[in-house]
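Scroll down for the structure; my scribbles are underneath it.
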Amino acid sequence: MFDLNDIIKSMKIIAIDPGYERMGVAIIEKTKEKEILVYSECFKTSVKIPHEERLKLIGQEIESLIKKYKPDAMAIETLFFKNNQKTGMKVSEARGVMLYVASCADLEVKEFSPMSIKIAVTGYGMSDKTQVVSMVKRLIKIDQEIKYDDEFDAIAVGLTYFATRGSC
């Protein structure tokens, strides 16, 4: 019997912590040995720019990263509304742009709830940010400085994709 992992040399995904003002993005490659962080950033849009222009910039950024890194799939966090529904609607619209761009690039898209991401990364669905960041640093090879929590969140989304692959 053969192991599928022996046939597949590597797989690359784009992982996103969706946002409107700040969006965490990570490109992660899965090799036979371990996941490797290829790239991450916290993409920001200015409040001084009109709404539709911000959505356009978000779409262009995702499109550019897809063209540059050629991922096989997209992993994205589902929305969780806490307090501000006005901001939530804008994030929802931005997330729609992200899904549209992925669809245009024929990428498989997998969505994960905040709780499922915490379970996949830490083993506990009520983990706090510190616990998630601590585990992300242990689970993936990172050769760059991570400056923003949004980047760690995107990396956690990507790790969830690989942890659940085959069971979704």
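Numbers for the structure displayed
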| read-out | value |
| --- | --- |
| Qualifying residue in the range 76-91 (condition: hydrophobic (A, V, I, L, M, F, W, C), surrounded by 14 or more Cβ atoms within 10 Å (Cβ to Cβ) and closer than 18 Å to SER40 by Cβ) | yes |
| Filter result for the condition that a residue is at negative phi, surrounded by fewer than 20 Cβ atoms within 10 Å (Cβ to Cβ) and touching a helix residue (DSSP H, G or I) at 6+ places or on another chain (Cβ under 9 Å), over ALA105, ALA156 | ALA105 |
| Every residue from the range 116-168 that is part of a helix (DSSP H, G or I), closer than 15 Å to ALA15 by Cα and among the aliphatic types (A, V, I, L, M) | ILE117, ALA120, VAL121, VAL136, ALA154, ILE155, ALA156, VAL157, LEU159, ALA163 |
| Count of the range 40-63 residues which are in contact (Cβ under 8 Å) with a residue 40 or more places away in the chain and in a strand (DSSP E or B) | 3 |
| Test: LYS110 is among the basic types (Lys, Arg), surrounded by 14 or more Cβ atoms within 10 Å (Cβ to Cβ), part of a helix (DSSP H, G or I) and under 14 Å from the mean Cα position of the chain (by Cα) | no |
| Unmet criterion (only one of (1) assigned to a strand (DSSP E or B); (2) modelled with pLDDT of 95 or more) for LYS30 | (2) |
| Qualifying residues in the range 113-130 (those that are in contact (Cβ under 8 Å) with a residue 12 or more places away in the chain and touching a helix residue (DSSP H, G or I) at 6+ places or on another chain (Cβ under 7 Å)) - the one surrounded by the fewest Cβ atoms within 10 Å (Cβ to Cβ) | LYS129 |
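The values are calculated or read from the model by the stated rules, or taken from the named source; none is laboratory data. All values derive from a computational prediction rather than experimental measurement. For neighbour counting, all protein chains shown are included, and Cβ atoms are generated from backbone atoms with ideal geometry for every residue, glycine included.
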